[in-house]
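Working notes, beginning with the structure itself.
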């Protein structure tokens, strides 16, 4: 199998676990379940859960202990996309080739489906912590809570909204990318490593890997917004221009941005090499991410 | 001190703890902190944290262990109000006598401030669980996650939105009140009792108290929407009529609804009597809630 096939296989495995996590107890009203499932099973790359499980394995851990947390981080990512697409935010009609949640279910239901996924992520993790009752599980939940919350993703989103249409310096742009995107990748890698009983040194390295990989991933997303097509991306291109968003691409152009992506990826890979061959998959994944078309 | 003064004193103590919980680490951008604080410090009754701390004390526990969870449940309650007030939901301009979050900060920031408070609630609880590392703390977080999430408050909100302007039977109306309002009061009482090392029998009773108290509280809220004034409530009256909401009042009238409130409160009080004099405060509070004007 090539890496694309391996990633697809992993995504299928994660989807099966997500289905279990969502259906463990019946969710009522049925419309709430439908709205949650519509966005959760919209064919995402499952990058964050794949990173979490791979980091767990890279430090010698067993992925069984990490699956609930992998599901939770994907639920959090999905909620953030639903809210990000809302008319008051990015006002996007399409996501992954399908209507966005508010276009499909209406705005009220989209807000609530997002809230519901965020709640369900924490309920899923809390139950996993009760079943496992270990400090490493609690610390993994904390890493995810921290990366997604007011010191991570949410503050990145806020900074992004506040700076729309404004001239920005590189420091501010880096702050946004680091928090809006990288913080959740860092959280995935750190949580996975914690669940695999990593050493403090390994945890610190995984956090650094996450920051570099995350910023590179966001810059490459911004590049694709300019160079990609609707068919490749499953969402409208040039949306950054439409929303007057500042990106590395609008600031430095495609070529210089591509060089930054490559430099950051190199740094992430050189850190990952310290983990030995158990981290080969993460290295391949990093290389794959900078060459992706969607 | 009369009960009103005691409640005000408790609210002041909880606000001091909320201020610590929000400022522990600096939140950036400043606007995010402002929007979170604007709604969190808008002079609410702090009913849910007061219930949580009182339930802990009613079973002989110490409130120090419960404070982080009391703060978290108020953050969750506040996020739910911010999202509930949004134009796509109840579209309310005023809350507690002040502009609602989206009227003050804009819709994007209101959505994000709500998300941020929900995240921060779970981050606060997770940190408390790490510091305490006990099964009872984890179970308290689980009770709150469960009561607020897709099997509690959120599903009540969804059912409420889906049934707006529709004819409803009493069963559906009870489902909405039980989940939208009572589930969080139940969660507060259960979490507090767990943190106070309650027996299983005590936990079951607290859950029943919460259901009865919560439904009574919601019906009395609906009564006040008809009989109260803007000055008393700090929010527009007759909003249920405006939003074509079905309530016990629109279904049975004020007088019959008032009788239901009294019957439910009696049931809650007779359950609380089993806890002995340590539950006197909760009994007084239940009586106070049915006579309140806001």
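A short reminder: the numbers here are calculations on the coordinates, not readings from a lab. Keep in mind that what you see is a predicted model, and the values were worked out from it rather than measured. Backbone-built Cβ (ideal geometry, glycine too); neighbour counts: all protein chains shown.
Across identical copies of the chain, residue B:292 has label-point separations of 4.8 nm, listed in ascending order, with the point defined 7 angstrom from Cα along Cα→Cβ. Other protein chain C-beta atoms within 10 Å of residue C-beta, averaged over B:154-166: 5.
Chain A residue nearest the rotation axis toward B, with distance: A:122, 2 (Cβ to axis, whole Å).
Of the residues A:122, A:41, A:69, the one that moves most in a GNM of chain A with alpha-carbon contacts below 10 Å is A:41. The calculated 222 nm mean residue ellipticity attributable to helices in chain A amounts to -23500 deg cm²/dmol, summing -39500 (n - 2.57) over DSSP H runs of n ≥ 4 and dividing by all residues. Counting Cβ atoms of other protein chains within 10 Å of each Cβ in A:20-28 and taking the mean gives 2.
The order of the peptides A:248-255, B:161-168, B:106-113 by mean Cβ neighbours within 10 Å, most packed first, is B:106-113, A:248-255, B:161-168.
Taking every C-alpha pair closer than 8 Å and separated by at least 6 residues, the mean separation divided by the residue count of the range A:3-291 gives a relative contact order of 21 percent.
Summary for residue A:19: label point 7 Å along Cα→Cβ; distances to the equivalent points in the other copies, ascending, 5.3 nm. Computed from the C-beta positions of residue B:133 and residue B:8, the FRET efficiency with R₀ = 45 Å rounds to 0.85. A full extension of the chain between residue B:20 and residue B:284 corresponds to an added length of 92.1 nm, given 0.36 nm per residue minus the alpha carbon distance. The mean count of C-beta atoms from other chains within 10 Å of the C-beta of residues in B:102-109, rounded to a whole number, is 3. Fewest-first ordering of A:56, A:129 by other beta carbons within 10 Å of each residue's beta carbon gives A:129, A:56. The ranking of B:78, A:229, B:172, A:247 by Cβ neighbour count inside 10 Å, starting from the fewest, reads A:229, B:172, A:247, B:78.
Inter-copy label distances at residue A:253, using a point 7 Å along Cα-to-Cβ, come to 7.9 nm with the shortest given first. Return, ordered by residue number, the residues of the range B:98-131 whose backbone nitrogen is under 14 Å from a label point located 7 Å along Cα→Cβ of residue B:230. Flagged as within label range: B:98-100. As a proxy for reagent exposure, ranking B:231, B:262, A:17 by other Cβ atoms within 10 Å from fewest up yields B:231, B:262, A:17.
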